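Worksheet: the structure to be examined is printed underneath.
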């Protein structure tokens with residue numbers, strides 16, 4: 001088991017303190033509520049999707065630093081990307097933090113999101129990091145709710 | 001805070017006691033383990049572990065089975081543990097001591113037997129605002145089935161029950177009161193004796209959840225006049241999988257059995273089954289024998305240390321930790337009751353309890369971060385979760401200091 005403190009790098013702490021894309025899109029095309037029953041983390045995502053692209057995305061909610069930083073970095077990462085690419089990122093991200101990727105697997109789509117790779121050694125926190133991505137997945141599929149239960 | 005109980009007693013020799021707990025010399029993330037999580041589960045002294053191992057190694061069989069020497073021996077050990085429990089909580093008879101898997105099962109047993117007989121449509125079940133889910137959900141399930149209502153005794157911001165509300169809440173429709181003796185979140189020691197007396201004036205029985213009380217204070221169920229008193233072995237320096245339901249004999253005798261099966265019957269034919277008397281009729285199937293014997297040894301261990309001395313020592317630790325943590329400006333302690341057991345829940349501005357829990361873990365400090373299976377308490381105080389440090393008789397002031405500096409380090413990191 002790695003030291004939990006290693007996860008709390010400056011980028012994550014900074015995004016927790018000043019989350020990007022925080023708020024609500026009034027005229028959204030997609031939205032979903034995410035809930036982590038174990039922690040009580042709650043997340044609300046609103047998106048504008050047009051021409052197969054994530055034109056805009058915002059989130060609100062409350063949760064731990066891992067959850068908030070993950071949502072902040074996720075919204076930044078998928079904004080302006082094709083929906084298919086956002087979905088592929090969600091898959092890679094979940095594979096990474098759950099430790100399900102084959103050793104040596106490249107995650108070119110994730111960029112600085114690989115900051116969260118340390119979460120895989122903290123099983124109790126995996127759900128926190130995954131919640132925004134699970135909520136994004138639900139929103140893109142047209143489902144109103146996502147739960148990491 | 002109340003005056004220190006047992007201040008005139010010989011203090012505990014904590015350095016010697018600590019040698020009985022191997023986990024305390026473990027290293028976590030390169031740091032010595034600081035176990036401040038006894039409210040989640042107490043550590044077992046080596047005496048308990050070795051006694052259970054001896055049973056499994058040299059004495060293992062089943063209880064109440066046949067005429068073999070081994071079975072008789074196992075039954076004697078198992079029943080001797082029941083007698084230890086009886087004495088420990090001051091019950092009048094071993095017939096009043098029912099083994100269960102734990103506090104939760106004990107409450108479910110009462111809800112599903114006593115409750116199903118006595119609670120009818122339109123009736124009320126009165127609980128307190130600081131109950132653990134274990135003393136909420138079984139009653140909600142019963143209320144839903146019967147069309148009954150749950151009422152709640154409110155509490156103050158300090159985390160004390162508002163007893164002035166009791167007279168109005170105890171009505172002719174109230175069929176049972178469930179109240180926690182010591183809050184697992186706030187540490188509040190509730191005046192259960194008074195609550196019981198006031199309920200009894202109106203003829204209403206009371207179940208006391210004693211899971212967090214028995215490790216910290218001397219309980220006498222007859223003095224309290226509790227109708228039901230329940231607790232778990234694993235919070236009392238014993239193993240998991242064993243717990244106790246104390247019930248007044250008159251109640252237990254009148255209650256129908258719950259689980260059916262072997263061990264709880266007197267005779268079985270295709271036409272009809274007759275049941276054992278209490279406590280046997282509530283103990284279907286093979287029980288956790290080693291765990292029961294282990295709990296007996298845990299009680300011996302606690303009794304040898306003396307609960308008065310434990311209470312005095314833990315009270316000092318609580319005062320010290322409260323004082324040290326209170327000096328951190330961004331930290332808020334939830335629960336400032338006048339009577340408190342050695343449990344401190346707190347929140348730190350700007351740091352989610354789960355982050356704090358992970359960071360403390362990195363420093364080897366084991367605490368609980370979460371809702372503590374008491375979500376209505378979280379809602380009452382307007383927080384999603386708290387960090388909770390709970391102290392046992394083997395903890396030290398030095399460990400409190402390490403907790404405080406780990407919290408300060410986390411605050412610095414999040415600044």
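The values are calculated or read from the model by the stated rules, or taken from the named source; none is laboratory data. Here the structure is a predicted model, which means the values were calculated and not measured. Here Cβ is always computed from backbone atoms with ideal geometry, including for glycine, and neighbour counts include all displayed protein chains.
In this structure, does residue A:94 turn out to be in a helix (DSSP H, G or I), in contact with a helix residue (DSSP H, G or I) (Cβ under 8 Å, 6 or more places away or on another chain) and closer than 21 Å to residue B:384 by Cβ? Criteria not met by residue A:94. The helices (runs of 4 or more DSSP H) found entirely in the stretch B:296-415 that carry 3 or more residues being in contact with a helix residue (DSSP H, G or I) (Cβ under 6 Å, 6 or more places away or on another chain) are B:307-326, B:353-362, B:397-414. Scanning for something within 14 Å of chain A (Cβ to nearest Cβ) and under 25 Å from residue B:25 (Cα atoms), does the stretch B:324-335 turn up at least one residue? There is no residue in the stretch B:324-335 that is within 14 Å of chain A (Cβ to nearest Cβ) and under 25 Å from residue B:25 (Cα atoms). Tallying residues that are within 15 Å of residue B:294 (Cβ to Cβ) and surrounded by fewer than 16 Cβ atoms within 10 Å (Cβ to Cβ) within the stretch B:60-78 yields 1. The listed residues are A:47, A:43, and the only one of them that is surrounded by 20 or more Cβ atoms within 10 Å (Cβ to Cβ), assigned to a strand (DSSP E or B) and within 14 Å of another protein chain (Cβ to nearest Cβ) turns out to be A:43. Look at (1) closer than 20 Å to residue A:18 by Cβ; (2) within 14 Å of chain B (Cβ to nearest Cβ) and you find that residue A:113 fails only one, number (2). Every listed requirement among (1) buried (at least 21 other Cβ atoms within 10 Å of the Cβ); (2) within 16 Å of the chain's Cα centre (by Cα) is met by residue B:218 save one, (1).
Scanning the stretch B:27-44 for residues that are under 26 Å from the mean Cα position of the chain (by Cα) and more than 19 Å from residue B:288 (Cα to Cα) yields B:33, B:34, B:35, B:36, B:37, B:38, B:39, B:40.
Could you list, in sequence order, the residues of the stretch B:378-401 that are crowded, with 19+ Cβ neighbours inside 10 Å and away from chain A (no Cβ under 13 Å)? Selection gives B:380, B:388, B:389, B:390, B:391, B:392, B:393, B:394, B:395, B:399, B:400.
For the stretch B:366-377, the set of residues classified as within 11 Å of chain A (Cβ to nearest Cβ) and closer than 30 Å to residue B:22 by Cα consists of B:369, B:370, B:371, listed by residue number. Residue A:71 meets the conditions (1) within 28 Å of residue B:375 (Cβ to Cβ); (2) assigned to a helix (DSSP H, G or I); (3) within 14 Å of chain B (Cβ to nearest Cβ); (4) modelled with pLDDT under 95 in every case but one. The failed one is (4). Out of B:413, B:356, which single residue is surrounded by 23 or more Cβ atoms within 10 Å (Cβ to Cβ) and either at negative phi or away from chain A (no Cβ under 12 Å) (or both)? None of the others qualify; the one that does is B:356. Filtering the stretch B:339-350 for residues that are modelled with pLDDT under 95 and within 11 Å of chain A (Cβ to nearest Cβ) leaves a non-empty set.
Restricting the stretch A:7-30 to residues that are away from every other protein chain (no Cβ under 14 Å) and crowded, with 18+ Cβ neighbours inside 10 Å, the residue that is nearest to residue B:355 (Cα to Cα) is A:21.
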